[in-house]
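Please treat every number below as a calculation from the coordinates, not as lab data. Being a predicted model, the structure only gives us computed values, none of them experimental. Please note: Cβ atoms are built from the backbone with ideal geometry, for glycine as well, and neighbour counts cover all protein chains shown.
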Amino acid sequence: MKYLDSVIKESLRMYPPAVETARFCSADTTITSASGDIVFPKGSDILIPIMGLHYDPQYWEDPNKFNPDRFNEDNQRKIQHFTYMPFGAGPRMCIGERLALLEMKMALVHLLARFELLASARSPYPARFQACFNLTPEGGFWCRARPRPPRPLGQQRPSEAGELPAPA
């Protein structure tokens, strides 16, 4: 399950649900950076480019490459705060992040246990996306699913054999 977690996180880095998020500046704020001071006056709307952060080579080595190992236990500690934020960050981040990640894992485990997923000619590679707030593939996302062959009778899980496991 740790590798599945890494695969999902890398997928969300490359294809975040929202490409940007907005924040409202409630007080005059100055941020000092290497290139000088940046002043945000009270009442300013600030757009944070999530997709830009996720593909910035300053924070991600070879950002266009799918590499789930970025999120293994050793490398995850090296990720700079606020450079990976598919669900936002800080006190205004998505309250449903844990539920969404759990649902993704459960759906993938059940789907991949029963089907082999194959590329479809209807989905272009590399993917092209519509210019909008949410990351939406042009023409939709298509894949083919081939049922996996049933396991031999002695190798079935209890749920596949129609039996429930005995209570402990």
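Each part gets one Cα centre, and for region 8-31 versus region 45-90 those centres are 11 Å apart. Counting only lysines at least 8 places from K105 when in the same chain, those with an alpha carbon closer than 16 Å to its own are K2, K9. Here the 3J(HN,Hα) profile of region 5-16, calculated from phi with Karplus coefficients 6.51, -1.76 and 1.60 at θ = phi - 60°, is 4, 5, 5, 5, 5, 5, 4, 6, 5, 6, 10, x Hz, Gly and Pro shown as x. Please give the charge dipole size of the chain, origin at the Cα centre, charges +1 on K and R Cβ atoms and -1 on D and E Cβ atoms. Round to the nearest 20 debye. That gives a dipole near 600 debye. Going from the fewest other Cβ atoms within 10 Å to the most, the residues I48, I31, I8 appear in the order I31, I48, I8.
With everything on Cα atoms, drop me the angle between helix 97-114 and the longest principal axis of the chain, reported from 0 to 90° to the nearest 10. Taking the Cα atoms of the chain, the angle to 97-114 is about 30 degrees. Label sites at T29 and S11, each approximated as a point 7 angstrom past Cα along Cα to Cβ, lie 3.2 nm apart.
Between R151 and E61, the distance separating the two model label sites (each 7 Å from Cα on the Cα→Cβ line) works out to 3.8 nm. The amide H of T136, built 1.01 Å from its N in the peptide plane, has Q130 as neighbours under 5 Å, considering only residues 5 or more places off or on other chains. Within the listed set A89, A27, A119, the Gaussian network model of the chain (springs between alpha-carbon atoms below 10 Å) gives the highest mean-square fluctuation for A27. In a fully extended conformation the segment linking L4 and F141 would gain 47.2 nm over its present Cα-Cα distance, using 0.36 nm per residue. Cβ crowding within 10 Å ranks H81, H54 as H81, H54, fewest other Cβ atoms first. Legend: calculated FRET efficiency, L117 to M93, from the Cβ-Cβ distance at R0 = 35 Å, rounded to 0.05, equals 0.70.
At full extension, M104 and A18 could sit 29.3 nm farther apart than now, given 0.36 nm per residue minus the alpha carbon distance. Taking amide hydrogens as placed 1.01 Å from N in the peptide plane, the amide H of T21 sits under 5 Å from those of I48, I50, each at least 5 positions away in sequence or on another chain. Between P68, P91, P147, the residue with the greatest mean-square fluctuation in the GNM of the chain (Cα pairs under 10 Å linked by springs) is P91.
Counting only residues at least eight positions apart within a chain, or on another chain, the aspartates and glutamates with an alpha carbon under 18 Å from that of K78 are D5, E10, D56, E61, D62, D69.
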